[in-house]
Amino acid sequence: MHVSKTFLLKANCKRFSQENDVVMRTIHDVAKAAGVSITTVSRALNGYSDVSESTRRRVMRIAKELGYRPNAAARNLRVKRTGTIAFAPCLPKRIDAKLFFKEFIGMLAFDCFQHNLSLLVTLPYSDQYEPEMYQELAGTGRVDGIILATVQPQDMRIPLLQKMGVPFVAFGRLLDDTDLSYPFVDVDGKAGVGNLVDYLYAQGHCRIAYLSDFLEASYIYYRWHGYQEALRKHGLVEDERLLVMGVRDQEGVSAAVARMLALPAEHAPTALVTSNNQLALCVLSALRDLGRSVGKESGQVAVASFDDLPFAAYVEPALTTARQPMVEVSQLVLELLVSILKREELDVSKTAYPHLHRLGAQQFLLESELVIRDSA
């Protein structure tokens with residue numbers, strides 16, 4: 001007897017379902033079991049704040065017991081979302097930035113997983129294609145929102161995304177720190193470098209040099225301004241011979257350090273502060289080549305830096321740094337963007353950010369932490 005393949009397929013599917021007790025539960029089943037409406041179930045499972053915590057827990061428990069799985073495709077069509085966030089930094093062409101962003105991207109990917117989101121990381125091929133990249137991201141609906149990074153003093157991306165009505169959050173600020181027209185999370189680099197200078201001054205250092213990367217991103221300006229303000233606070237005069245802006249390789253740093261240490265003793269620096277950890281590594285190498293000892297003792301040169309990338313604790317000597325709270329930055333940037341997508345105000349009173357300053361409804365500033373090690 002001839003049996004059609006279709007009949008056999010249906011029979012096998014039915015037998016498989018019976019043998020494995022597969023039951024496709026729906027949101028109606030969850031609502032009925034929980035004694036709430038379908039709308040309440042939907043809002044509870046999607047984390048809306050207008051559902052009480054006890055109801056949310058009950059709905060989630062029942063959904064788990066019933067084996068209910070929301071239809072992601074249907075949900076995305078309904079709310080017109082992709083479930084994808086784009087991280088789009090304007091990445092400088094230097095080693096320290098690459099190390100920093102590799103660490104940050106890993107944290108951000110984990111936080112996206114916690115929010116049931118996918119992370120798309122994208123970079124422009126060159127400065128020429130940067131506007132087109134953001135327009136393509138925003139205009140094609142590939143992502144629900146964008147996280148910017150390496151914010152420039154006057155960043156064209158911010159008004160572009162505002163004009164297009166695309167949800168975004170900036171990790172960093174414009175140079176005009178009074179502009180609160182866009183959502184951002186930043187680390188207070190000015191205060192962080194100021195704390196380094198304060199600490200060195202308290203240790204008896206009055207000739208403190210500063211080495212900085214090129215003045216490109218806003219955070220580099222803020223850190224430099226922190227150095228200047230701290231000098232003025234302690235009655236110290238900024239000496240141009242102890243200020244080096246626009247270095248990023250070993251050759252440039254070595255030449256600058258040799259030039260400063262060749263000054264007469266009353267003018268030569270006893271401490272050096274760098275705007276990032278990579279420059280600090282170059283400074284340590286330059287001092288070794290000059291036969292100078294690094295540390296806290298009399299006659300040694302003190303070295304301090306900003307960032308506190310993982311290697312900072314393991315170089316010799318270990319670096320004194322202003323540590324960026326990168327775990328908190330990653331979490332807060334994403335939580336702020338999610339709140340914007342849900343059209344809710346972010347409630348930071350329930351979050352664990354002990355050193356957080358709220359500048360506006362969607363503007364946040366985190367403090368750095370002074371980490372004292374052997375180099376200063």
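When ALA268, ALA262, ALA258, ALA280 are screened for being surrounded by 18 or more Cβ atoms within 10 Å (Cβ to Cβ) and hydrophobic (A, V, I, L, M, F, W, C), only ALA280 passes.
Checked against (1) among the hydrophobic types (A, V, I, L, M, F, W, C); (2) in contact with a strand residue (DSSP E or B) (Cβ under 6 Å, 6 or more places away or on another chain); (3) within 28 Å of GLU316 (Cβ to Cβ), PHE184 passes all but condition (3). Residues in region 138-192 that are at pLDDT 95 or above, in contact with a Lys or Arg (Cβ under 6 Å, 6 or more places away or on another chain) and among the acidic types (Asp, Glu): ASP186 only.
On the stretch given as region 320-345, residues that are assigned to a loop (DSSP other than H, G, I, E, B) and within 17 Å of the chain's Cα centre (by Cα) total 2. The residue list LEU281, LEU261, LEU290, LEU243 contains one member that is of a type in the set (A, V, I, L, M) and either more than 23 Å from CYS206 (Cβ to Cβ) or within 27 Å of the chain's Cα centre (by Cα) (or both), which is LEU281. The lone criterion from (1) under 28 Å from SER275 (Cα atoms); (2) part of a loop (DSSP other than H, G, I, E, B); (3) within 22 Å of the chain's Cα centre (by Cα) left unmet by VAL143 is number (1). With the structure loaded, tell me whether MET245 is assigned by TED's automatic domain parsing to the domain that holds HIS205, hydrophobic (A, V, I, L, M, F, W, C) and farther than 29 Å from ASP186 by Cβ or whether it fails that test. Answer is no for this residue. Being surrounded by 14 or more Cβ atoms within 10 Å (Cβ to Cβ) and either under 27 Å from LEU365 (Cβ atoms) or of a type in the set (A, V, I, L, M, F, W, C) (or both) is a property that holds for VAL294.
Of everything in region 281-295 that is in contact (Cβ under 8 Å) with a residue 60 or more places away in the chain and of a type in the set (A, V, I, L, M), the residue that is nearest to GLN250 (Cα to Cα) is VAL283. For ALA286, the requirement of being part of a helix (DSSP H, G or I), farther than 19 Å from MET245 by Cα, touching a helix residue (DSSP H, G or I) at 6+ places or on another chain (Cβ under 6 Å) and of a type outside the set (Ser, Thr, Tyr) is not met. For the residues ALA312, ALA376, the requirement of being closer than 19 Å to ASN195 by Cα, in the same structural domain as ILE146 (by TED's automatic domain parsing), more than 18 Å from the chain's Cα centre (by Cα) and outside any loop (DSSP other than H, G, I, E, B) singles out ALA312.
Per the listing LEU366, LEU334, LEU309, the residue uniquely touching a Cys at 6+ places or on another chain (Cβ under 8 Å) and touching a residue at least 24 places away in the same chain (Cβ under 8 Å) is LEU334. Where helices (runs of 4 or more DSSP H) sit wholly within region 21-84, none has at least 2 residues that are in contact with a Lys or Arg (Cβ under 7 Å, 6 or more places away or on another chain), modelled with pLDDT under 85 and of a type in the set (Ser, Thr, Tyr). Annotation: GLN331 fulfils all but one of (1) closer than 21 Å to VAL197 by Cβ; (2) among the polar types (S, T, N, Q); (3) out of contact with any Leu (no Cβ under 8 Å at 6 or more places or on another chain); the unmet one is (1).
Tallying residues that are farther than 19 Å from ARG223 by Cα, touching a helix residue (DSSP H, G or I) at 6+ places or on another chain (Cβ under 9 Å) and buried (at least 16 other Cβ atoms within 10 Å of the Cβ) within region 297-314 yields 1.
Are any of the residues in region 209-216 of a type in the set (Phe, Trp, Tyr) and assigned to a helix (DSSP H, G or I)? No: region 209-216 contains no residue that is of a type in the set (Phe, Trp, Tyr) and assigned to a helix (DSSP H, G or I).
The values are calculated or read from the model by the stated rules, or taken from the named source; none is laboratory data. In this text the structure is predicted, and so the values were computed from the model without any measurement. Please note: Cβ atoms are built from the backbone with ideal geometry, for glycine as well, and neighbour counts cover all protein chains shown.
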